[in-house]
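Enquirer: If you scroll down you'll find the structure; I have some questions about it.
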Amino acid sequence: MTQTTTELCYLTIREAGALLRDGGLSPVELTRAFLERIESLDGTLQAYITVLADDAMAEARTAEAEILRGEYRGPMHGIPIALKDLYDTKGVRTTAGSRVMADRVPTEDATTTALLRASGAVLLGKLAMHEFALGGPDPTCGFPLARNPWSLEHIPGGSSSGSGAAVAAGLCMGALGSCTGGSIRGPASHCGIAGIKATYGRVSRYGVVPLSWTLDHCGPLTWTVEDSAIMLQAIAGYDPKDPTTSHAPVPDYLASVEGDIRGLRVGVPRHYFFADDPDVSKDTLSAVETALGVLEDLGAVLEDVTVPSLAYAGAAQSVIMASEAFAYHQSNLRTRPQDFGEMVRARFRIGGLFTAGEYVQAQRARNVLKRDFAEVLRRVDVLASPTMSNPAPRFDEVDAMSTARVPSFTGPYNLTGMPAISVPCGFTPEGLPVGLQIAGKPFDEPTVFRTAYAYQQQARWFERRPPV
Amino acid sequence: MGESESISMDAFRVLTDRARLGLTMEELESLKPMYDHFARQTAVLSELELDAEDMALRFPPDWDSLALPHTAER
């Protein structure tokens, strides 16, 4: 791998986009650099399930010809990206990381896949993930497990494991992940990159293998906040094929990142996210406290807030996610249970054991959580917290119950549907990344982006790359 | 359900049978600790005091997506 290859693969989407637009960089040259890097590093990192080298080069040549003809489509034109392997891709195997779908070849693109193609993005391939977007890295699932570029003995987070690993290692410029309880922000935090789950209804889920219909969100993982803004712009908006999408107009996200945060009111729910809990890492809390100080230095006004119903958010999340997942997978669980990995098979089976009354009660509890957050959001503009309660664990520390044992700092925003981003905010003494989570009012992604960008530009953790 | 409480294996079998999971005794014994964990975690939901207006699910009244023809058009 040459110095030039590395330099090209470490460009941000915004930087590369400007070069591509002005003719200073060829999409073919850029795509070839990524394919070389994948060839060189992915045997170790295992971020990709499928690499689409020939298709990607063809798309890059098309993008190059279009740009040369003056048909520049926008900031994603010619940008090499990849998709978590639950986004349907016409004619390309889409497995959801499971033997159950090992031979599944969609006949149609997911809406988000189609939108990225329309934006001119170059699809490098399909990315590894935790089976059916649940649980942890399961060696019995039948697919290679993506590794964390900061430390190969540690998981990259999940369930969008390959998305986090590939972006962090420079194996694509941006990736789509999906998020039911934190599967975009978690890998972003563990891999030292940015990742946003936009408001529920902001991005279509049509053509995306579901885990839990009322909790699932789609969104990008990228090296920087502004790159997430660019990528979200390409996929946000109403989709007649997905009745849960919103007609609300889509603002200019990239424009929204600029501007200061003086006077911005930042709520900090310390009672939940900073509790004196032996299951929460002191290194994580320390890094996030320092990040809150940076926000304050930038002129934000911090305020401790209380969201009483967070006390039962985890319970509601468990019941809803498992019950809806069971509803979708029950036929295969009964007829071909051996095709599921052990972790997911157990978690999905639990979903069949909750009663209808428990499911309805969990959904009702969710309304109370929304009301409590709405009360707080009348006083503050955003909420800040750690993204994850702990840095990435080692592979040998993970089992089917790992995520259930520790408090979820991301799940509450899947329950409420609020937009939430993770941005790097430091490293543990062992060199593992820590993420700062910023959540906002429904459909106020611009303020979330502005806050995260202001922090990013001040803290500048994006200047540090993993030792791959 | 308290920290030390959990349902009996017979009661657990009833739950899995109702879900038509068809588990062996070995699978039952393997799955039950996970169920006990989630049962303890989710017990709090039954203790919540919610109001009648805390409706959980809404049935969408529109039929637009099904594109039924108007009677006059037939």
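Enquirer: If I model a spin label at A:T4 and B:H37 as a point 7 Å from the Cα along the Cα→Cβ vector, what separation in nanometres do I get?
Expert: Once both label points are built, they end up 5.1 nm from each other.
Enquirer: Mind giving me the FRET efficiency for A:V294 and A:R371? R0 is 35 Å, r the Cβ-Cβ distance, nearest 0.05 is fine.
Expert: After rounding, the FRET efficiency stands at 0.65.
Enquirer: Run the count for the protein assembly as shown, please: Lys pairs, Cα-Cα under 28 angstrom, 8 or more apart or on different chains.
Expert: Final tally of qualifying lysine pairs is 16.
Enquirer: Which chymotrypsin sites (Phe, Trp or Tyr not before Pro) in the range B:25-67 pass both tests, a DSSP loop state and at most 12 other beta-carbon atoms within 10 Å?
Expert: Details: sites: B:Y35, B:F38, B:W63; in loops: B:W63.
Within the range B:25-67, the qualifying chymotrypsin sites (Phe, Trp or Tyr not before Pro) (loop, at most 12 other Cβ atoms within 10 Å) are B:W63.
Enquirer: Can I ask one more? Just add up the charged neighbours of A:T224: K/R +1, D/E -1, any other residue whose Cβ is under 10 Å from the Cβ of A:T224. Could the numbers behind the result be given before it?
Expert: Details: positive: A:R14; negative: A:E15, A:E226, A:D227.
That works out to -2.
Enquirer: Same structure, new question: Could you work out the longest stretch of chain A that avoids the trypsin sites (Lys or Arg not before Pro) located in DSSP loops with at most 11 other Cβ atoms within 10 Å? Could you put the intermediate results ahead of the total?
Expert: Numbers: sites that count: A:R69, A:R262, A:R378, A:R379, A:R460.
The answer is A:70-261.
Enquirer: Need one number: nm distance between label points at A:E15 and A:R378, each 7 Å from Cα along Cα→Cβ, rounded to one decimal.
Expert: A separation of 4.6 nm, rounded to one decimal place.
Enquirer: Given R₀ = 41 Å, what would the calculated FRET efficiency be for A:D304 paired with A:A102, taking r from the Cβ atoms and rounding to 0.05? Don't skip to the answer; put the middle values down first.
Expert: Details: r = 49 Å, r/R0 = 1.20.
E(calc), rounded to 0.05, equals 0.25.
Enquirer: Distance in nm between label sites at B:A72 and A:Q338, each 7 Å beyond Cα in the beta-carbon direction?
Expert: Taking the two extended label points, one gets 6.2 nm.
Enquirer: Given only helices, namely DSSP H runs of n ≥ 4 each adding -39500 (n - 2.57), what is the per-residue ellipticity at 222 nm of chain B, to the nearest 500 deg cm²/dmol?
Expert: Details: 2 runs with 28 residues, N = 74.
Calculated at 222 nm, the ellipticity per residue is -12000 deg cm²/dmol.
Enquirer: Quick one: pull the percent of accessible area on the protein assembly as shown belonging to carbon and sulfur, 1.4 Å probe, ligands and nucleic acids left out.
Expert: Numbers: 11020 of 21300 Å².
Here it works out to 52 percent.
Enquirer: Counting Lys +1, Arg +1, Asp -1, Glu -1, what net charge surrounds A:D372 among other residues with beta carbon under 12 Å of its beta carbon?
Expert: Numbers: positive: A:R366, A:K370, A:R371, A:R378; negative: A:E375.
That works out to +3.
Enquirer: Moving to a separate point now. FRET efficiency for A:T140 and A:E39, Cβ-Cβ distance as r, R0 = 45 Å, nearest 0.05?
Expert: Values: r = 28 Å, r/R0 = 0.62.
According to the calculation, E is roughly 0.95.
Enquirer: Work through the residues other than A:G299 whose Cβ is under 9 Å from its Cβ and net out their charges, Lys, Arg +1 and Asp, Glu -1. Display every interim value, and only then the final one.
Expert: On the way: positive: A:R262; negative: A:D260, A:E296, A:D297.
Result for the neighbourhood of A:G299: -2.
Enquirer: Separate question: What is the average number of partner chain Cβ atoms found within 10 Å of a Cβ in A:357-368? Please list the in-between numbers first.
Expert: Values: counts 2, 5, 3, 4, 9, 4, 4, 8, 7, 2, 6, 5.
Average per residue, whole number: 5.
Enquirer: Sequence-distant or interchain residues sharing an amide H contact under 5 Å with A:G177, placed H: which?
Expert: A:G219, A:L221
Enquirer: Also: Grab the DSSP H runs of chain A that are 4 residues or longer, score each as -39,500 (n - 2.57), total them, divide by all residues and round the 222 nm result to the nearest 500 deg cm²/dmol. Present the calculation step by step, with values, prior to reporting the outcome.
Expert: On the way: 17 runs with 190 residues, N = 468.
Mean residue ellipticity, 222 nm, calculated: -12500 deg cm²/dmol.
Enquirer: Oh, and also: How large is the charge dipole for the range B:1-48, taken about the Cα centre, if only the Cβ atoms of Lys, Arg (+1) and Asp, Glu (-1) carry charge, to the nearest 20 debye? Each step should come with its number before you reach the end.
Expert: Numbers: 5 positive and 9 negative charges, 42 e Å.
Here the size comes out at about 200 debye.
Enquirer: Other chains near B:34-47: what is the mean number of their Cβ atoms within 10 Å of each residue's Cβ?
Expert: 6
Enquirer: Mind checking the mean number of beta-carbon atoms from other chains within 10 Å of the Cβ atoms in A:330-342? Show your work: numbers first, answer last.
Expert: Details: counts 3, 0, 0, 4, 4, 1, 0, 4, 0, 0, 0, 0, 1.
Taking all residues of A:330-342 together, the mean is 1.
Enquirer: Given a 1.4 Å probe, how much area per residue of the protein assembly as shown is accessible, in Å²?
Expert: Working: 21300 Å² over 542 residues.
Heavy-atom accessible area per residue stands at 39 Å².
Enquirer: Once amide H atoms are built 1.01 Å from N in the peptide plane, which residues 5 or more positions from A:L436, or in another chain, come under 5 Å H to H?
Expert: A:T387, A:V423, A:C425
Enquirer: Of the GluC sites (Glu not before Pro) in the range A:243-327, which ones lie in a loop per DSSP and count no more than 12 other C-beta atoms within 10 Å? Mind showing how you got there, number by number?
Expert: Numbers: sites: A:E258, A:E289, A:E296, A:E303, A:E324; in loops: A:E258.
Qualifying residues, ordered by number: A:E258.
The values are calculated or read from the model by the stated rules, or taken from the named source; none is laboratory data. Only a predicted model underlies this, so the values are computations on that prediction, with no experimental measurement involved. Every residue, glycine as well, gets a Cβ built from its backbone with ideal geometry; the counts of neighbours run over all protein chains shown. Side chains are part of the model used for accessible areas, which takes the heavy atoms of the whole protein and leaves out ligands, DNA and RNA. Shrake-Rupley method; radii C 1.70, N 1.55, O 1.52, S 1.80 Å.
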